[in-house]
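Report on one structure; see the data block that follows.
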Amino acid sequence: VQLQASGGGLVQAGGSLRLSCVGSGDIFFIRGWERQAPGKQRELVANIGNDGSTNYADSVKGRFTLARDNAKNTVYLQMNSLKPEDTAVYYCAAVTTRGDVWGQGTQVTVSS
């Protein structure tokens, strides 16, 4: 099982980024993104169910959008109106036969 996350970077407040997570191997489905800021616990950003239903953290509702491309085994996180408090390492997660698996993370830094 391998999850490859990409798309992070440095952006000014109000800007946008799109994260991508490509899965390979014995994966049922990629279920979404979590993030961890320095000194804080990892938190849910957004989940997408196998049926396509989505769930967002209150802090990102209306700004972030999750989408899945099943043909490419890829999940995207479109992040708009970014805020400095969105700065974190973002991890994508997948459901596999061995339980949840996380990718290596991609750094998102939002400057004020």
Spatially proximal lysines relative to LYS40 (Cα-Cα < 26 Å; intrachain offsets below 8 disregarded): LYS61, LYS83
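Quantify, in whole percent, the carbon and sulfur part of the accessible surface of region 25-112 (1.4 Å probe; protein heavy atoms only). Could the numbers behind the result be given before it?
Values: 2140 of 4590 Å².
That fraction is 47 percent.
Explain nothing, just the number: relative contact order of the chain, from Cα pairs under 8 Å at least 6 residues apart, as a whole percent. Don't skip to the end; give the middle numbers.
Values: 277 pairs, mean separation 41.9, N = 112.
Over the chain, the number comes to 37 percent.
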Theoretical gain in end-to-end length, ASP26 to ASP69 [0.36 nm per residue, Cα-Cα removed]: 13.8 nm
Cα→Cβ-extended label distance, 7 Å offset, between SER59 and ARG42, nm: 1.6
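How would you rank 23-30, 37-44, 50-57, 88-95, highest first, on the average number of other Cβ atoms within 10 Å across their residues?
Details: 23-30: 16.0, 37-44: 10.1, 50-57: 12.1, 88-95: 21.8.
Result, highest mean Cβ count within 10 Å first: 88-95, 23-30, 50-57, 37-44.
The values are calculated or read from the model by the stated rules, or taken from the named source; none is laboratory data. Here the structure is a predicted model, which means the values were calculated and not measured. So basically every Cβ, Gly included, is an ideal-geometry build from the backbone, and we count neighbours across all protein chains shown. For the accessible areas, the whole protein counts, side chains as well, though only heavy atoms, and no ligand, DNA or RNA atoms are used. Shrake-Rupley method; radii C 1.70, N 1.55, O 1.52, S 1.80 Å.
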